[in-house]
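The values are calculated or read from the model by the stated rules, or taken from the named source; none is laboratory data. From a predicted model like this one, the values you see are computed outputs, not experimental measurements. All Cβ positions, even for glycine, are placed from backbone atoms using ideal geometry, and neighbour counts span all protein chains on display.
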Amino acid sequence: MRKTSTDDPMRTSQVTRNTLETQVSVSLNLDGSGVAKLASGVPFLDHMLDQIARHGLVDLDISAKGDLHIDAHHTVEDIGITLGQAFAKAVGDKKGICRYGHAYVPLDEALSRVVIDLSGRPGLVFAVEFTRGMIGEFDVDLVSEFFQGFVNHAGVTLHIDNVRGKNSHHQVETIFKAFGRALRMAVEVDSRLGGAMPSTKGSL
């Protein structure tokens, strides 16, 4: 069981976000086994969220209803926002965790790198040049919108680089897989810290 200290319960959260554009519900267990129950209304996003759960070893239950008759922008962004809020709530006081995580993930010709710092400071560097604008009915611009929503509300610094790739589906999938693995590393407990805060400031 991965916990932030010996007396903490498992790191779970539930967050609901309701606006005139979307209704989003997220349940998150950072100490899970990679189980996902997903109903975003955007099939490609569900496929990517499943990568976060599977490779991050977190349990995710996400449901959303949005104004998809317009496009998927509000739905994808608001899921990122709500997941970020759920993450911030679940990760707790951050004592004893590794704080930093990174991962390189390949998929055939594509390779992406994701580096994360649970710094308490939201920041996104998104260095990705997609080879085409649409994957089926999914606009690739929404990938950065999802992660921007996440970092703004999770309070993390996130660097995403697609090192190479010719297939946009592969590019996006390597990003989400690498994000899951980097997140998994960052929230792990480092026993050598003895429950201390992983910062010279004493807070994150």
Check: Can you find a residue in the range 120-136 that is surrounded by 22 or more Cβ atoms within 10 Å (Cβ to Cβ) and not small (Gly, Ala, Ser)?
Finding: no
Conditions (1) over 22 Å from Pro122 (Cα atoms); (2) touching a residue at least 24 places away in the same chain (Cβ under 8 Å); (3) of a type in the set (D, E, K, R) -> Asp46 fails only (2)
By residue number, the members of the range 49-72 that are out of contact with any strand residue (DSSP E or B) (no Cβ under 9 Å at 6 or more places or on another chain), farther than 18 Å from Val143 by Cβ and either of a type in the set (D, E, K, R) or touching a residue at least 24 places away in the same chain (Cβ under 8 Å) (or both) are Leu57
Of (1) farther than 25 Å from Glu21 by Cβ; (2) surrounded by fewer than 23 Cβ atoms within 10 Å (Cβ to Cβ); (3) in contact with a helix residue (DSSP H, G or I) (Cβ under 8 Å, 6 or more places away or on another chain), Gly41 fails just (1)
How many residues of the range 58-96 are in a loop (DSSP other than H, G, I, E, B) and touching a Gly at 6+ places or on another chain (Cβ under 9 Å)? The answer is 6
The condition of being outside any helix (DSSP H, G or I), within 15 Å of the chain's Cα centre (by Cα) and not aliphatic (A, V, I, L, M) holds, among Gly41, Gly32, only for Gly32
Of Arg113, Arg132, the only residue that is assigned to a loop (DSSP other than H, G, I, E, B) and in contact with a helix residue (DSSP H, G or I) (Cβ under 8 Å, 6 or more places away or on another chain) is Arg132
Ala53 passes all but one of the listed conditions (1) surrounded by 23 or more Cβ atoms within 10 Å (Cβ to Cβ); (2) of a type outside the set (Val, Ile, Thr); (3) over 24 Å from Ile116 (Cβ atoms); the exception is number (3)
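Conditions (1) among the charged types (D, E, K, R); (2) surrounded by fewer than 21 Cβ atoms within 10 Å (Cβ to Cβ); (3) modelled with pLDDT of 95 or more, marked per residue:
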{"residue": "Asp46", "(1), (2), (3)": "yes, yes, yes"}
{"residue": "Asp59", "(1), (2), (3)": "yes, yes, yes"}
{"residue": "Gly66", "(1), (2), (3)": "no, no, yes"}
{"residue": "Cys98", "(1), (2), (3)": "no, yes, yes"}
Among the residues that make up the range 122-131, is at least one of them of a type outside the set (Gly, Ala, Ser), within 18 Å of Asp50 (Cβ to Cβ) and in contact (Cβ under 8 Å) with a residue 40 or more places away in the chain? no
Among Gly194, Gly123, the single one that is of a type outside the set (Val, Ile, Thr), over 12 Å from the mean Cα position of the chain (by Cα) and under 22 Å from Phe87 (Cβ atoms) is Gly123
If we keep only residues of the range 149-204 that are of a type in the set (Ser, Thr, Tyr) and in a loop (DSSP other than H, G, I, E, B), then the residue surrounded by the fewest Cβ atoms within 10 Å (Cβ to Cβ) is Thr200
Residue in the range 179-199 that is on the phi < 0 side of the Ramachandran plot, out of contact with any Pro (no Cβ under 9 Å at 6 or more places or on another chain) and among the polar types (S, T, N, Q) present = yes
